[in-house]
Amino acid sequence: MHMLICTIGSKRRKSTLRFAQEVAEALSAEVTLLGVVGRKRKAAELEQFLVQAAEGLGELGLETRVLVEKGNPEDVVMKEMEAATYDLIALGALGRKRSHHRFLSSVAMRIIEQAKSSVLVIKRSRPSLSRVLICTSGTEQGHLSVWAGAAIACGAKAQATVLHVVDALPSMYTGLEQMEETLAELLQSDTERSRELKWAAQVVKAECDISELKLRRGIVADEMLREGRVGDFDLIVLGSSRSAGGIVRALMGDLAREIVTRAERPVLVVRPSD
């Protein structure tokens, strides 16, 4: 696996890089550290910082190279994405000031929109990678999140929780207790959803020493974010479509964009690769 870790000379670069390094170690990835500077005089300082980080990764047995480029963060990252093939791109707060929380104007979201590979957006400082929330939908995208989340949790020796959210009931059914299916009842049923959840649980349990399965009911994005916050997870993992545009993005990408925008913790958006 080849992983691109992007950083600019921001105050948060240490915490961003530390978390990305944990993910790289968990996946035994070959790493490229890409530093972006706006002013050439800051290049030497950033390069020295990244060289030290590369030495640390080398001590973990990970092959690492360092690149430092001057220019607009988005342009530099996109250029490197086109120049080489990466399975995973990790980035922190590459943008400047957020304007009215409009996620479509952020650098991170534009990179996710255009990237063909999986993208890890590192938000807020996390002390370690010890709790991973794997969001599954029972679709191809849900399968991707299960495989990727289990691999990271296993490699990091972290606790993995598989979360499935059932859409909220229409208001006409409110109050009907028989419509409120519990996790135990769902798993005992012979339905496609039950089979998918059992499969996900088996995959994660086979990879991780500590795992659990949870079911929530409500608006999907709200419940995923609520579980991430209540459980104090260090990483949220969810799948997205291969295509980055058109009707596929409109149907499959809205959830990923909303989670990345609203989450107060790192989020991994997993896409299929060839």
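Quick notes on this structure:
- Using θ = phi - 60° in the Karplus curve 6.51 cos²θ - 1.76 cosθ + 1.60, the 3J(HN,Hα) couplings for region 188-196 round to 7, 7, 9, 10, 4, 4, 4, 5, 5 Hz; x is entered for Gly and Pro.
- Peptides 222-230, 21-29 ranked from most to least packed by the mean count of surrounding Cβ atoms within 10 Å: 21-29, 222-230.
- 1.4 Å probe accessible area per residue over region 18-88, in Å²: 54 Å²
- Solvent-accessible area, 1.4 Å probe, carbon plus sulfur percent, for region 41-95: 44 percent
- Cβ crowding within 10 Å averaged over residues, with 67-77, 38-48, 262-272 ranked highest first: 262-272, 67-77, 38-48
The values are calculated or read from the model by the stated rules, or taken from the named source; none is laboratory data. Please read all numbers here as calculations on a predicted model, not as lab measurements. Every residue, glycine among them, receives a Cβ derived from its backbone with ideal geometry; neighbour counts consider all protein chains shown. Side chains included, ligands, DNA and RNA excluded: accessible areas come from the protein's heavy atoms. Shrake-Rupley method; radii C 1.70, N 1.55, O 1.52, S 1.80 Å.
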